[in-house]
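For reference, the structure discussed in these notes is given below.
The values are calculated or read from the model by the stated rules, or taken from the named source; none is laboratory data. For clarity, every value in this text was computed on a predicted model and none was experimentally measured. Positions of Cβ are backbone-derived with ideal geometry, glycine not excepted, and every protein chain shown enters the neighbour counts. The protein model used for the area step is the full one, side chains on, heavy atoms only, and it has no ligands, DNA or RNA in it. Shrake-Rupley method; radii C 1.70, N 1.55, O 1.52, S 1.80 Å.
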Amino acid sequence: ETAAALAAASIVFRKRDPAYSRLLLNRAIRVFNFADKHRGAYSSSLHSAVCPFYCDVNGYQDELLWGAAWLHKASRKRVYREYIVKNEVVLRAGDTINEFGWDNKHAGINVLISKEVLMGKADYFESFKQNADGFICSLLPGISHPQVQYSPAYSNYLSHANKVVPCGETSASPALLKHLAKRQVDYILGDNPLGMSYMVGYGARFPRRIHHRGSSLPSVAAHPARIGCKAGTRYYLSPNPNPNLLVGAVVGGPNVSDAFPDSRPYFQESEP
């Protein structure tokens, strides 16, 4: 996960700050090599500290593929494409799960790798494209799964390849996917019934009581004494706004009826 983030960031900074971009990419490579050499779930060694809430339920395998996919995109080195080919079976690349989150990267892997097929570079990865198509179809209004979020990335790949995604009697064009993605982002940033931006620090009205320990506890300047694990409960249950703004954090957001309680205990809605 860290390798993927560093590799993606290296692309962002490539033109603006080439030296920093190279630093990020080199560190991504080192982190990935470490993770690949020492395969395993972090919760195997940290079980008592992270379970049951943060156990590695879906395994580490998808994160290795996710890291390799981003490293290939950032470096264009064949070694990472070959890594995916070589490890496709052992790392369960065939798993098709129509969600994307902290514990499961399969939807993102399929979309990212399918670019190779759409650009006519690697027919070997056709299965990834089929899985990505399935993910995109699950997002279309009318036939979408309520727990799945939209993703704008795939529409760009389709645009360059002049393709559409067939979804039974419907099809998803790049224009439609971009429209859906824009609607989703506009909603997140305030174009919604509450006029609430779900990104902390953005707009006039945003979540003030997010479910985040560092944001909700007093800073060390205001409270230099140690705060024990259970001693944070009074801050967790406090009706007061968080003392520290976690600028840029995007929270879970509103419930199915567009309501948002802005309360830490409602962690599904208020957690970044």
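Collect the residues in region 58-87 that are surrounded by fewer than 18 Cβ atoms within 10 Å (Cβ to Cβ) and closer than 16 Å to A107 by Cβ, keeping them in residue-number order.
Selection gives G59 alone.
Across region 244-257, what is the number of residues that are open to solvent by less than 80 Å² (accessible area, probe 1.4 Å) and more than 22 Å from G101 (Cβ to Cβ)?
Initial filter on region 244-257 (open to solvent by less than 80 Å² (accessible area, probe 1.4 Å)): 244, 246, 248-255.
Still in the running and more than 22 Å from G101 (Cβ to Cβ): 244.
So the count comes out to 1.
Restricting to region 191-243, what's the tally of residues that are under 24 Å from the mean Cα position of the chain (by Cα), surrounded by 15 or more Cβ atoms within 10 Å (Cβ to Cβ) and not in a helix (DSSP H, G or I)?
13
Could you tell me which residue of region 112-135 is surrounded by the fewest Cβ atoms within 10 Å (Cβ to Cβ), considering only residues that are assigned to a loop (DSSP other than H, G, I, E, B) and out of contact with any Asp or Glu (no Cβ under 6 Å at 6 or more places or on another chain)?
For region 112-135, the residue satisfying everything is G120.
Name every residue in region 88-111 that is closer than 16 Å to Y124 by Cα and open to solvent by less than 50 Å² (accessible area, probe 1.4 Å), in order of residue number.
E88, A93, I109, N110, V111
Being part of a helix (DSSP H, G or I) and at pLDDT 85 or above is the filter here; which residues of region 157-179 pass it?
L158, S159, H160, A161, P174, A175, L176, L177, K178, H179
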